[in-house]
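Engineer: Below you will find the structure I want to go over with you.
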There are 2 protein chains.
Amino acid sequence: MNDQYVKVAKLLGELVWHAHDQEDEMFLVVYGTLRIQLEGDREVSLSAGEFFVVPKGVQHNPVADEEVGVVLIETVTTAHTGSVQVEGTVPIERQIAPE
Amino acid sequence: MNDQYVKVAKLLGELVWHAHDQEDEMFLVVYGTLRIQLEGDREVSLSAGEFFVVPKGVQHNPVADEEVGVVLIETVTTAHTGSVQVEGTVPIERQIAPE
């Protein structure tokens, strides 16, 4: 809605450092604890019910030391890992229709 | 973020029939039960944890028979009651900075 996807996901492990040049990205934790490493040697830690918006252009790296359930709100054009491609990168087509 | 507000609100009573010509509107119920009357003699009933998106242009009327806690996701330009003005209409300035 309004060119945004509301996504439900389970995360485990570390993703990769990346940024979304044009899109803000909202993380809401449903269960577990999510650490989001941020450029400038910062880090936020989100527990159930807590959320954080990574502003466009900010380098970040989500880390789930144990399984975390999250809701993500992202513009439809948002690439999973920005301009970075790693083994864990999931293109939007596969996010919408998992194998 | 991404020209969207994520709003937290308590609702009680009936709002008013209205539509948002250009904006989708997402309702997520945190506690209580929210009925959303929709054009075409339809109605959805949302309990805690349930959500619904009212598509742009669709006439709707939220009704909270008892207090309901909701999260709303709305484009920043969304007028509370569309082109309709009633006593309960809250302009965005007052939503952001309550009296």
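Engineer: What FRET efficiency comes out for the pair B:Thr33/A:Asp3, r = Cβ-Cβ distance, R0 = 25 Å, nearest 0.05? Kindly include the intermediate steps, with their values, before the conclusion.
Structural biologist: Details: r = 30 Å, r/R0 = 1.18.
Calculated value: 0.25.
Engineer: To the nearest Å, what is the center-to-center distance of region B:47-62 and region A:65-82, using C-alpha atoms only?
Structural biologist: First find each Cα centre; the distance between them is then 24 Å.
Engineer: Between B:Gln37, B:Gln59, B:Gln85, find the one with the highest GNM mean-square fluctuation for chain B; connect C-alpha pairs within less than 10 Å.
Structural biologist: Looking only at B:Gln37, B:Gln59, B:Gln85, the biggest GNM fluctuation is shown by B:Gln85.
Engineer: Report, in debye and to the nearest 20, how large the dipole of chain B comes out about its Cα centre when Lys and Arg carry +1 and Asp and Glu carry -1 on their Cβ. Intermediate values should be presented prior to the final figure.
Structural biologist: Numbers: 6 positive and 17 negative charges, 30 e Å.
Here chain B has a charge dipole of around 140 debye.
Engineer: For the protein assembly as shown, what size does the Cα cloud have along each of its three principal axes, sorted from largest down, in whole Å?
Structural biologist: Largest to smallest, the principal-axis extents are 51, 41, 28 Å.
Engineer: With θ taken as phi - 60° and the coefficients 6.51, -1.76 and 1.60, list the Karplus ³J(HN,Hα) couplings across region A:37-42 in order, rounded to whole Hz; mark glycine and proline as x.
Structural biologist: So the J values, rounded to whole Hz, are 6, 10, 3, x, 6, 9.
Engineer: Which whole-percent values make up P(r) of chain A when all C-alpha to C-alpha distances are grouped in 5 Å steps starting at zero?
Structural biologist: Whole-percent P(r) values from 0 Å outward: 3, 13, 24, 29, 22, 8, 1, 0.
Engineer: Can you tell me the dipole magnitude for the protein assembly as shown around its Cα centre, using point charges on the Cβ only (Lys, Arg +1; Asp, Glu -1), in Debye to the nearest 20?
Structural biologist: Numbers: 12 positive and 34 negative charges, 15 e Å.
Dipole about the Cα centre, nearest 20: 80 debye.
Engineer: Can you tell which of A:Ala97, A:Gly13, A:Leu34 lies farthest toward the positive end of the dipole of chain A, using +1 and -1 charges on the Cβ of basic and acidic side chains (Lys, Arg; Asp, Glu)?
Structural biologist: Result: A:Ala97, furthest along the dipole toward the positive end.
Engineer: Go through region A:1-73 and name the GluC sites (Glu not before Pro) that are in a DSSP coil and have 16 or fewer other Cβ atoms within 10 Å of their Cβ. Walk me through the intermediate numbers first.
Structural biologist: Working: sites: A:Glu14, A:Glu23, A:Glu25, A:Glu39, A:Glu43, A:Glu50, A:Glu66, A:Glu67; in loops: A:Glu23, A:Glu39, A:Glu50.
Sparse-neighbourhood loop GluC sites (Glu not before Pro): A:Glu39, A:Glu50.
Since every read-out is calculated from the coordinates, none of them should be taken as a lab result. Everything numeric here is computed off the predicted structure, so don't read it as measured data. No Cβ is skipped: glycine too gets one built from the backbone with ideal geometry, and neighbour counts run over all protein chains shown.
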